[in-house]
Amino acid sequence: MGFLSQFAALYIKNALVAWRARRATLLRLLAPFFFLLLALLIDKALQANDSNSEDFQDIRRPDVEPIDPIPRCIEDIYIGPDKSCVELAWSPNTSTIATTIIQNVIKNNAKPIKAMGFATRDDAQAFLLGNPDYIIAGVHFVIDTASALQGFIIQTNTTAKAFKSKYQDPNTFVQLPLQSAVHREIARYGLAQNPATAATADSLSWFIGLKSFPHPTIATVSVLGQVLGPFVFAACMFSFVTQISSVVMEKEGGLRQAMRTMGMTDAAFWCSWGMWEVTLAFVSGHLITCFGLILHLKLFLKNNYGLLFFLFFLFQLAMSSLALLVSAFLRRTQTAVYLGFVIFIVGWVMQTVVIFGVPYTPDYYTKTSLSKALTVIFSMLPWDLLVKGFKDLDSAVVQDGSDGLRWSERSRYCQNIPNADDQSAWANANNYDPREEYVSFECVMPLDTIYKVLVALWAGYFVLAVYFDAVVPNEFGIRRPVLYFLYPSYWLPSVTSPASALKHVLKEDGQGPRQEGGEVDEDVAAEESRMRGLLNHRTGHTAKGGELAGQGAGTEQRNAVEVYGLKKRFGGSGGCCGNSVVCCGAFDCCSCKAADAFWPIKGSWFSIAENSLFCLLGPNGAGKTTTINCLTGVLPPSYGDALVYGQSIRSSGGLNQIRSQMGVCPQFDVLWPELTGREHLLLYGRIKGVRGWKGAAQEAEELLDKVKLGYAATQRTGAYSGGMKRRLSVAISLLGDPKIVYLDEPTTGMDPISRRYVWDIIEKAKEGRAII
């Protein structure tokens, strides 16, 4: 019941914070619409640009394209105007017919050109091989033994050339112009040789054009399948960064530790975040699908709604778990923004690689060890699977008349069958009709597999987030062992008796530093002596010198807290480079000077009775807050122990029981600016275990009246003054009628009247409890 109560409270907290930050939440939900609209505009612009190309038109009566004259060699993009060159090589230069025809070709060409004659074709070929990029074309006439022309051979470089934005088609650049010019001059030569037509040879009218065959649209283009994946990913990055920032903010601001101190379990914390992101992903998945339908994107209109929704829904679930995993390694909210930008850039680069077919094509998919590793790496990142899903959905609708994919076809459409005979056999065996459904025979990883992988990533990243959050040092430098989940004490925390819990204090006595500097106060020495006697009583140990073993009889009912030799050590630093004190870098996390270990608590022995107010006094750095942190379980003590109502603070089971009886007002306010004072008390009350929302609401109103905040109960704490926040923190510490309350500088920043109110509250609250 405690878990469900905490889970419900934390889930409502997430919802309230999101509702109060409406602009950020709306941006998370509406960003996909604007990115889809941008993708649509890009697609329409490209289609309009391509509409003038014959490749994207139904051509019934093609136009005739005139053939240009033979170009100058300096027009070749690989030669240019700075090189010496010749346009034509011809042979045989020993033939009168060939010589006459070439002279007329040069004479009647619209552009000035030059020609180089060779005796044989082999001579021309040898020159061409020895002088690359010098001659752009050649013509070789075939002359029989009777010196009659039998035909000719055109020789050109058939390699298409391209440089920057220029493209040179070898057919239309020089081959067709040369062929047309030679034919024209052969015709002119024939007319001149016939006396009946010799007069018309010079006035010969000649036109040859190029005309393509009629054809339907032979190529279609749609960038939606290529850009929708990156664009939707970019839109979802708003949600990704916002989620990381929210989780890290609770860690950075001490909010999570405050809730843990009040008794919050890690299971409730993680499940509340997980379920909240499921809710947002569910809503966002439907919104993205509806946005695509509103914009009449063909990919959305023709494919099954469920296929689209689950692709977006599961992708965002996987991204949310990845965000939780990333947050486990971060301590600053600002770092989340920088890291989100880096992930965005990396994601776009990887998505570009996927768009070009790596690794989700038969040529790469699991063929070699490297490709298998590449496939696994790409498939571990949700954005790559999103692009793959979009490509498949777009391929199913790119052709006119295609009906897209149905839900039942989420696996069947994707087949890796390269052989045509095998394709026919599969089609016959499965009653495949290409007019009724879409099937790709060069496809790997269908949508059904993508869904399963995304679910696995969601669960896997979530488990890793919980694990690394435990083993990575938190804001206080505390971490669990690497294999903590294998310890029985993690799953079944035990509660040890005071005698068993305190035996280690006897063993540790004398370890670590002792109080130094002048004489020890008599009262302090007397208290330590009394606590040592009580320790002997608790453990059944007879002290040296006949110290009374029964000195503490009956104190278990009187003492709320008993502290035995408490010591706390903060580790020092050996400098940047081992023991060197020379700075090795400019990172702010790097200590450039060797530092000794610091002991803020050097051995505290005291007890706190019920119905009392106990004050820790000392200058800054004396260890007051550290002592409270040790007693509340925020920091584990290095040596010694303490019993709080008979439970050891070094026992996980005992600490859980202590937290259920404890209230804490930390040194700095840990409040959500978006929540009101009443909502804070309701949240912490449900975490603390106050029975029912009605009971929590009633206690919240009573505490707000006690701290004189009833008038500001519905006001967000972000608008509270410093004194109002401290009063609210005091009220939070009194929730659930705790037996022991820790107040760390509770009246800081208060005016004299408010300070007097809080003092009166503390005085009245000490009855039946202990206040530190």
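Relative to the longest principal axis of the C-alpha atoms of the chain, give the angle of the C-alpha long axis of helix 382-395, reported between 0 and 90° and rounded to the nearest 10°.
Taking Cα atoms only, the helix is inclined about 40 degrees.
Normalising by the residue count of the range 92-213, find the relative contact order in percent from Cα pairs under 8 Å and 6+ residues apart. Walk me through the intermediate numbers first.
Working: 108 pairs, mean separation 23.8, N = 122.
Once normalised by length, the contact order is 20 percent.
What does the extension gain come out to for residue 266 and residue 506, with contour length at 0.36 nm per residue minus their alpha carbon separation?
In short, 83.1 nm is gained.
Show that you can apply the helix-only estimate: for the chain, add -39,500 (n - 2.57) for every DSSP H stretch of four or more residues, divide by all residues, and state [θ] at 222 nm to the nearest 500. Provide the component values of the computation, followed by the final result.
Working: 25 runs with 373 residues, N = 772.
Rounded to the nearest 500, the figure is -16000 deg cm²/dmol.
When the expected Rg is taken as 2.2 N^0.38 Å, what fraction or multiple of it is the alpha-carbon Rg of the range 1-76?
2.59
Please find the FRET efficiency linking residue 145 to residue 82, where r is the Cβ-Cβ separation and R0 is fixed at 45 Å, and quote it to the nearest 0.05.
Numbers: r = 45 Å, r/R0 = 1.00.
FRET efficiency, residue 145 to residue 82: 0.50.
Bin all alpha-carbon pair distances of the range 413-518 at 10 Å intervals from 0 and give each bin's fraction as a whole percent.
Percent of pairs per bin, in order: 10, 18, 18, 13, 11, 12, 7, 7, 4, 1.
If you take the beta carbon distance between residue 478 and residue 335 as r and set R0 to 22 Å, what does 1/(1 + (r/R0)^6) give as a FRET efficiency, to the nearest 0.05?
Working: r = 20 Å, r/R0 = 0.91.
Plugging the Cβ-Cβ distance into 1/(1 + (r/R0)^6) gives 0.65.
Would you pull out the residues with amide H under 5 Å of residue 264's amide H, same chain only if 5 or more places away, H placed 1.01 Å from N?
The answer is none.
What length, rounded to one decimal in nm, is gained on full extension from residue 217 through to residue 57, with 0.36 nm per residue of separation minus their alpha-carbon distance? Walk me through the numbers on the way to the answer.
Numbers: separation 160, 0.36 × 160 = 57.60 nm, distance 0.49 nm.
Fully extending the segment from residue 217 to residue 57 adds 57.1 nm.
Which value in nm describes the separation of the simple spin-label points at residue 169 and residue 570, placed 7 Å from the Cα toward the beta carbon?
For the pair residue 169/residue 570, the computed spacing is 7.7 nm.
Output wanted: per-residue J couplings in Hz (rounded whole) for the range 693-706, from phi through Karplus 6.51 cos²θ - 1.76 cosθ + 1.60, θ = phi - 60°, x for Gly and Pro.
Values, residue by residue: 5, 5, x, 5, 5, 5, 5, 4, 5, 5, 5, 4, 5, 5 Hz.
Please give the charge dipole size of the chain, origin at the Cα centre, charges +1 on K and R Cβ atoms and -1 on D and E Cβ atoms. Round to the nearest 20 debye.
Values: 71 positive and 69 negative charges, 449 e Å.
So the magnitude is around 2160 debye.
How much net charge surrounds residue 736 when only the other residues with a Cβ under 13 Å from the Cβ of residue 736 are counted, with Lys and Arg +1 and Asp and Glu -1?
Numbers: positive: 659, 686, 688, 691, 739, 769; negative: 699, 702, 737.
Residues close to residue 736 contribute a combined charge of +3.
Could you pull out which residues in the range 603-624 have an amide N less than 20 Å from a spot 7 Å beyond the Cα of residue 526, following the Cα-Cβ vector?
604-610, 612-617
Can you work out the accessible area per residue across the chain, with the rest of the protein chains kept in place, probe 1.4 Å, in square angstrom? Display every interim value, and only then the final one.
Working: 38810 Å² over 772 residues.
Accessible area per residue, the chain: 50 Å².
Nothing charged except the Cβ atoms of Lys and Arg (+1) and of Asp and Glu (-1): what's the magnitude of the dipole of the range 1-94 about its Cα centre? Round to the nearest 20 debye. All intermediate terms of the calculation are to be shown ahead of the outcome.
Details: 10 positive and 12 negative charges, 321 e Å.
Here the range 1-94 has a charge dipole of around 1540 debye.
Taking a ≥ b ≥ c as the square roots of the Cα gyration tensor eigenvalues, with a/c under 1.5 meaning rounded and otherwise prolate when a/b beats b/c, else oblate, which class fits the range 694-772?
On the way: a/c = 1.84, a/b = 1.14, b/c = 1.62.
Judged from the Cα gyration tensor, the range 694-772 comes out oblate (a/c at least 1.5, b/c at or above a/b).
For the range 322-413, build the charge dipole from Cβ charges (+1 Lys, Arg; -1 Asp, Glu) around the Cα centre, then report which of 338, 374, 407 sits farthest towards its positive end.
338
Taking +1 at the Cβ of each Lys and Arg and -1 at the Cβ of each Asp and Glu, which of 27, 127, 48 sits farthest along the dipole of the range 1-149 towards its positive end, judged by Cα position relative to the Cα centre?
It is 27, whose Cα lies furthest towards the positive end.
Give the long-range amide H neighbours of residue 769: residues separated by 5 or more places, or on another chain, with amide H under 5 Å away, using H modelled in the peptide plane at 1.01 Å from N.
Answer set, sorted by chain and number: 611, 612.
Which order do the peptides 423-430, 279-286 come out in when sorted by mean C-beta neighbours inside 10 angstrom, highest first? Could you put the intermediate results ahead of the total?
Details: 423-430: 12.4, 279-286: 18.2.
Result, highest mean Cβ count within 10 Å first: 279-286, 423-430.
Can you give me the relative contact order of the chain as a percent, contacts being Cα pairs under 8 Å and 6 or more apart? Display every interim value, and only then the final one.
Values: 1207 pairs, mean separation 89.1, N = 772.
Once divided by the residue count of the chain, the mean separation gives 12 percent.
Tell me, what is the percent relative contact order of the range 357-474, built from C-alpha pairs under 8 Å that lie six or more residues apart? Each step should come with its number before you reach the end.
Working: 100 pairs, mean separation 33.5, N = 118.
Taking the mean separation of contacting Cα pairs over the length of the range 357-474, I get 28 percent.
For residue 107 paired with residue 652, estimate the spin-label separation in nm (one decimal), with each label point 7 Å from Cα along the Cα-to-Cβ line.
10.5 nm
Could you tell me which label, among (1) 275; (2) 228; (3) 437, carries the value of volume of the Cα convex hull per residue in Å³ calculated for this structure?
Checked against the structure: label (1).
Quick check on the range 633-693: take the gyration tensor over C-alpha atoms, sort the square-rooted eigenvalues as a ≥ b ≥ c, and tell me if it's rounded (a/c under 1.5), prolate or oblate. Walk me through the numbers before you get to the answer.
Working: a/c = 3.59, a/b = 1.77, b/c = 2.03.
Note, shape of the range 633-693 comes out oblate.
Could you tell me which residue out of 15, 102, 497 lies farthest along the dipole of the chain toward its positive end? Charges go on the beta carbon: Lys and Arg +1, Asp and Glu -1, centred on the Cα centre.
Working it through, the farthest residue towards the positive pole turns out to be 497.
Under a crude label model (7 Å from the Cα following the beta-carbon direction), how far is residue 197 from residue 764 in nanometres?
12.4 nm
Shape verdict for the range 125-217, please, from the Cα gyration tensor: rounded (a/c under 1.5), prolate (a/b greater than b/c) or oblate.
Working: a/c = 2.56, a/b = 1.40, b/c = 1.84.
Oblate, because a/c is 1.5 or more while a/b does not exceed b/c.
Can you tell me the length gained on complete extension of the stretch residue 422 to residue 205, counting 0.36 nm per residue apart and subtracting the Cα distance?
Additional length available on full extension: 72.4 nm.
Work out from phi, with θ = phi - 60° and the Karplus expression 6.51 cos²θ - 1.76 cosθ + 1.60, the ³J(HN,Hα) of each residue of the range 742-751, listed in order in whole Hz, and give x for Gly and Pro.
10, 10, 9, 6, x, 9, 4, x, 8, 6
Post the alpha-carbon centroid distance, the range 279-318 to the range 181-256, in whole angstrom.
31 Å
Taking H as built 1.01 Å from N, whose amide H comes closer than 5 Å to the amide H of residue 89, not counting residues under 5 places away?
Excluding prolines and chain starts, which carry no amide H, the hits are 116, 137, 138, 139.
Treating only the Cβ of Lys, Arg, Asp and Glu as charged (+1, +1, -1, -1), what charge dipole size does the range 413-456 show about its Cα centre? Round to the nearest 20 debye.
On the way: 2 positive and 7 negative charges, 39 e Å.
Charge dipole of the range 413-456: 180 debye, to the nearest 20.
What are the ³J(HN,Hα) couplings of the range 347-352, residue after residue, when phi is run through the Karplus curve with 6.51, -1.76, 1.60 and θ = phi - 60°? Round to Hz, x for glycine and proline.
x, 5, 5, 5, 5, 4
So if I take the centroid of the Cα atoms in the range 368-422 and the same for the range 1-68, what is the distance between those two points in Å?
Here the answer is 21 Å between Cα centres.
Roughly how many percent of the accessible protein surface of the chain is carbon and sulfur, given a 1.4 Å probe and a whole-percent answer? Write down the numbers at each step before the final one.
Working: 22320 of 38810 Å².
C and S atoms contribute 58 percent here.
With a Förster radius of 60 Å, plug the Cβ-Cβ distance of residue 38 and residue 189 into 1/(1 + (r/R0)^6) and report the FRET value to the nearest 0.05. Could you put the intermediate results ahead of the total?
On the way: r = 63 Å, r/R0 = 1.05.
For R0 = 60 Å, the calculated efficiency reads 0.45.
Would you report the distance distribution of C-alpha pairs in the range 1-132 as whole percents per 10 angstrom bin, up to the bin with the largest distance?
Binned Cα distances yield the sequence 9, 17, 15, 11, 11, 9, 8, 8, 7, 4, 1.
The values are calculated or read from the model by the stated rules, or taken from the named source; none is laboratory data. Everything numeric here is computed off the predicted structure, so don't read it as measured data. Because the Cβ atoms are built from the backbone with ideal geometry, glycine has one as well, and the counts that use them run over all protein chains shown. Just the protein is used for accessible areas: all its heavy atoms, side chains included, with ligands, DNA and RNA removed. Shrake-Rupley method; radii C 1.70, N 1.55, O 1.52, S 1.80 Å.
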